[in-house]
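Some notes on the structure that comes next.
Read the figures in this text as sums done on the coordinates, not as results from a lab. For clarity, every value in this text was computed on a predicted model and none was experimentally measured. Virtual Cβ from ideal backbone geometry, glycine too; neighbours counted across all protein chains shown.
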Amino acid sequence: MKTQICIIGGGPSGLLLAQLLNNNAIDTVVIERRNKEHVLSRIRAGVLEQGFSKMMRDAGCGERMDKEGEVHSGFQIADGNRLKRIDLSKLTGGRTVMVYGQTELTRDLYDARERANGLTIYNVEDVNLNDLTTDAPVVEFSVNGETEQIYCDLVVGADGFHGVSRKSIPKGKLTEHGRTYPFGWLGILSRTKPVSSELVYARHSRGFALCSMRNKLLSRYYIQVPISDSVEDWSDDRFWNELRSRLPDSLLSSLETGSSIEKSIAPLRSYVAEPMSYGNLFLAGDAAHIVPPTGAKGLNSAGADIYYLYRAILDRYLRDDKTGLDNYSSKALTRVWKTQRFSWWMTSLLHVFPEATSFEKRLQESELNYLLSSENALSLLAENYVGLPY
Ligand code: FAS
Ligand code: PHB
């Protein structure tokens with residue numbers, strides 16, 4: 001089959017780009033390794049920068065987000081029993097974030113694509129990207145035992161960290177940077193009232209904890225755990241007791257516990273692949289970069305990639321101008337590295353590092369004390385958290 005843009009990956013990056021292009025009569029085919037139910041079963045990001053929310057509206061997919069999402073003008077940082085509100089709006093001249101789960105956002109994008117009769121091919125296997133450095137790349141894959149080819153102008157690799165796209169760039173052309181962290185995040189979803197109306201990022205000698213939510217009756221909690229832990233090691237009771245031990249006393253009376261409806265451990269890593277393009281292959285989102293979720297930048301940095309790539313593709317088709325595509329990688333990477341820095345900084349600030357020396361522990365304490373006592377430092381935090389400009 002033939003199309004203009006073949007998008008590998010039916011996650012939020014691929015679907016958002018497909019919807020934006022579709023609204024400009026640019027033909028796309030999305031191929032997805034799993035089925036839609038599996039993609040929607042993943043519980044991931046919860047906080048959207050304003051730039052991301054605006055793109056959802058621009059794509060015609062913002063209605064449910066605006067109805068069911070929560071606009072947040074601040075969040076809390078807890079340090080032992082100390083609790084400090086970070087007034088994002090005051091520190092950024094009125095900017096806010098949107099709390100709306102990635103699962104729901106992805107559902108909205110799938111619904112929009114189906115309404116627009118966009119072609120999404122699920123359960124694909126053995127995906128191979130060929131002739132990427134020609135003007136006629138070919139995406140080959142099998143589905144239901146049949147081999148298929150998609151002849152296209154451009155290929156977008158939005159297939160996440162474990163996808164095939166980045167691996168299709170010749171080794172000698174790719175430089176990879178990254179680090180892993182000696183801990184993971186054990187996350188649970190529970191039909192309980194959130195402990196606070198705003199997110200609480202808690203630093204504690206026992207480890208980091210995060211209190212988030214999806215709505216007023218659906219809470220999302222995380223605790224830092226050793227990377228050697230498995231979900232089986234953590235009963236609901238053990239989780240709630242550990243979370244309780246890491247939160248300030250002032251929050252405990254409002255902590256409602258209950259059964260977990262989802263429980264998983266996510267490893268933490270920082271990773272960037274350079275460049276983000278090769279011939280007519282353009283990487284976007286987790287296919288090109290990964291951040292520890294502490295700064296809520298995973299999905300949001302994917303959004304910035306889509307913002308740049310969407311405009312570059314429009315220029316190519318509507319104005320016969322390939323400058324945006326030629327500059328995509330360097331433009332995207334400039335912002336990617338800023339979100340990498342912020343995510344690494346916030347992770348370093350709030351987590352317990354088992355191998356930390358006494359000097360490093362004191363430095364971490366001093367960094368937090370400086371942050372919580374300096375309007376300038378808080379402004380830098382807020383500016384990054386609400387989202388740097390595209
Ligand atoms: P995704 O990984 O979401 O989507 C890629 C899609 O490509 C998937 O559907 C996959 O099935 C498909 N695919 C893979 N290989 C393929 C192939 N060969 N052919 C076709 N399709 C293929 N971010 C936050 O901000 N906060 C969080 O709390 C948070 N938690 C996370 C927890 C986990 C376990 C993970 C893995 C990530 C988390 N993230 C979080 C980051 C996450 O939200 C990503 O940034 C976001 O999913 C990026 O979206 P995509 O780039 O679309 O990649
Ligand atoms: C979430 O709600 O899943 C969430 C929120 C903020 C983060 C990470 C995860 O920094």
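Tilt of helix 12-22 relative to the longest C-alpha principal axis of the chain, in degrees (0 to 90, nearest 10)? With both axes taken from Cα atoms, the answer is about 40 degrees. Protection proxy ranking, highest mean first, for peptides 181-192, 240-251, 33-44, 352-363: 181-192, 240-251, 33-44, 352-363, where packing is the per-residue count of other beta-carbon atoms within 10 Å, averaged. Label reach from L372 (point 7 Å along Cα→C-beta): in the range 243-270, amide nitrogens under 20 Å belong to 243-255.
From helices alone, the chain scores -11500 deg cm²/dmol at 222 nm; the rule is -39500 (n - 2.57) for each run of n ≥ 4 DSSP H residues, then divide by the residue total.
Once the piece of chain linking W337 and T134 is laid out straight, how much longer is it, given 0.36 nm per residue of separation minus the C-alpha distance between them?
Working: separation 203, 0.36 × 203 = 73.08 nm, distance 2.94 nm.
Net length gain for the segment: 70.1 nm.
Extending 7 Å from the Cα toward the beta-carbon at both E146 and L218 defines two label points whose distance is 3.6 nm.
For the pair D111 and T357, a Förster radius of 41 Å applied to the C-beta separation gives a FRET efficiency near 0.20, rounded to the nearest 0.05.
Checking the a/c ratio against 1.5 first, then a/b against b/c, what shape does the Cα gyration tensor give for the chain? Could the numbers behind the result be given before it?
Values: a/c = 1.79, a/b = 1.69, b/c = 1.06.
It is prolate, given that a/c is not under 1.5 and a/b is the larger ratio.
Below 15 angstrom from the Cβ of D126, what's the summed charge of the other residues (Lys, Arg +1; Asp, Glu -1)? Value of the local net charge: -3. For the chain, taking a cut-off of 4.7 Å between Cβ atoms, the unpaired cysteines are C61, C211. A 22 angstrom limit on the alpha carbon distance is what I want to check against. Which of K54/K167; K297/K331; K36/K167; K67/K338 exceed it? K54/K167; K36/K167; K67/K338, as the Cα separations exceed 22 Å there.
Using the Cβ of A287 as centre and a radius below 12 Å, the other residues enclosed give a net charge of -1, where K and R count +1 and D and E count -1. Taking 7 Å steps out from each Cα toward its Cβ at K173 and Q4 produces label points 2.4 nm apart.
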